[in-house]
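Shown next, in structure tokens, is the structure this report addresses.
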Amino acid sequence: KSRVGLGKALKHKEAAVRRAAAESLAHMGKSDSLPVLAGSDVADKDTGPDMLAAIRIVYGKQSLSFVMKGTRNGNVILKRGAVAALGRLVKTPAGKRSQGKIISTLRGLSGSKDPMIRAAVARSFGAIGGDKVKTDIIKLSADTAIEVKRAVASALSGFPGPKTVTLLLGYLGEKDPEVVANSAASVGVLRIKEGVNPVINHLNHSDVRVRRSATKSLSQLGATMKERDPLLRLFAERLQDSDIDVRLEALNGLRLVKDGRAIAAVAPLVQDKELSIRLTTIAVMADSGHTAAV
């Protein structure tokens, strides 16, 4: 009954409800929810990525043999999900014992004619990470299909090194918003100092996905900076963004600036109409330890 109800919620008119339904199905982790998730609108700009992520999570909770079988599924959405989930299984006891088999399967699929399958392979290599598959992800970075570029830009967060820095800085100059957003996220995860200015240049991007990613990335990069005064203005400007998530990331970024000016910047948001903004503002003020917050 839960699965049926959540299946209906996957098609609700409100994005927040669709997203919550996908998260619930992922949390339950039952294999019979896979066709339900695959029947949702995975191309939806707002929640399509959430549906695909839920499919990967559910597959990640199944046996290796089940996922291997899924890589041959006739439903292309489920097939891609199974391929993208293979890398997750390497972290499980059974997956560790079959790591060679998993990597060999992924290498075979990396030559697929379907760019979405190649992208799914990149995601799996990203989940595995490390030197064993570093050559494989670098090889996929030469793929010109936009779907693969998006996946590689995200997967590179698992492969620190000079080549990764070069690739991510190049992806930050791409026109596709998803490539830019994913590369900005990877730059933040890896704390790539050379990416600070390119990330700052995307804070006002027209695509909200890029603004969210760039703002969060700057917060991660800012934690490595000794001189943090410039962050005050950059994050304060983001507090005016129309997107709630961007504003929340900016608030968290202002935690790095521990003086009265940061308190003055966030103070008006105590009266914000959004509850999450008000709560985060109070938390930022409390964490500052500054008397101005009192």
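Kirkwood Rh, Cα Rg: Rg to Rh for the chain?
1.01
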Scaled by the rule-of-thumb 2.2 N^0.38 Å, the alpha carbon Rg for the stretch 65-162 gives a ratio of 0.98
Quick one: how many Å² of Met68 are accessible to a 1.4 Å probe, rounded to 10?
20
Suppose all protein chains stay in the model; what accessible area per residue would a 1.4 Å probe give for the chain, in Å²?
49
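Taking loop as defined by DSSP and a crowding limit of 13 other beta carbons within 10 Å, which trypsin sites (Lys or Arg not before Pro) in the stretch 52-108 fit?
Arg72, Lys91
What pairs in Lys8/Lys79; Lys30/Lys134; Lys61/Lys91; Lys113/Lys149; Lys8/Lys216; Lys79/Lys101 have C-alpha atoms more than 21 Å from each other?
Values: Lys8/Lys79 23 Å; Lys30/Lys134 32 Å; Lys61/Lys91 11 Å; Lys113/Lys149 15 Å; Lys8/Lys216 33 Å; Lys79/Lys101 18 Å.
From the list (Lys8/Lys79; Lys30/Lys134; Lys61/Lys91; Lys113/Lys149; Lys8/Lys216; Lys79/Lys101), the Cα-Cα distance tops 21 Å for Lys8/Lys79; Lys30/Lys134; Lys8/Lys216.
Counting only helical runs of four or more DSSP H residues, what would the 222 nm mean residue ellipticity of the chain come to if each run contributes -39,500 (n - 2.57) and the total is spread over all its residues?
Values: 19 runs with 193 residues, N = 294.
The helix contribution divided over the chain gives -19500 deg cm²/dmol.
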For the stretch 202-294, what is the largest minus smallest coordinate of the Cα atoms on each principal axis, given in angstrom and ordered from greatest to least?
37, 34, 15
Which residue fluctuates the most in the chain, going by a Gaussian network model with Cα springs under 10 Å, if the choices are Ser186, Ser65, Ser110?
Ser65
When every protein chain stays in place and a 1.4 Å probe is rolled, Ile138, Ile277 sorted by accessible area with the largest first are Ile138, Ile277
What do you get for Rg/Rh of the stretch 241-283 when both radii come from the Cα atoms and Rh is the Kirkwood radius?
0.93
Distance in nm between pseudo-label sites at Asp176 and Ser242 (7 Å out along the Cβ direction from Cα)
2.6
Leaving ligands, DNA and RNA out of it, report the carbon-plus-sulfur percent of the accessible area of the chain at a 1.4 Å probe.
53
Could you give the angle, 0 to 90 degrees to the nearest 10, between helix 15-28's Cα long axis and the longest principal axis of the Cα atoms of the chain?
50
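The values are calculated or read from the model by the stated rules, or taken from the named source; none is laboratory data. Note that the coordinates shown come from a computational prediction; the quantities given were computed from them, not determined experimentally. Note that we place each Cβ from the backbone using ideal geometry, even for glycine, and neighbour counts take in every protein chain shown. All accessible areas refer to the heavy atoms of the entire protein, side chains included, with ligands and DNA or RNA removed. Shrake-Rupley method; radii C 1.70, N 1.55, O 1.52, S 1.80 Å.
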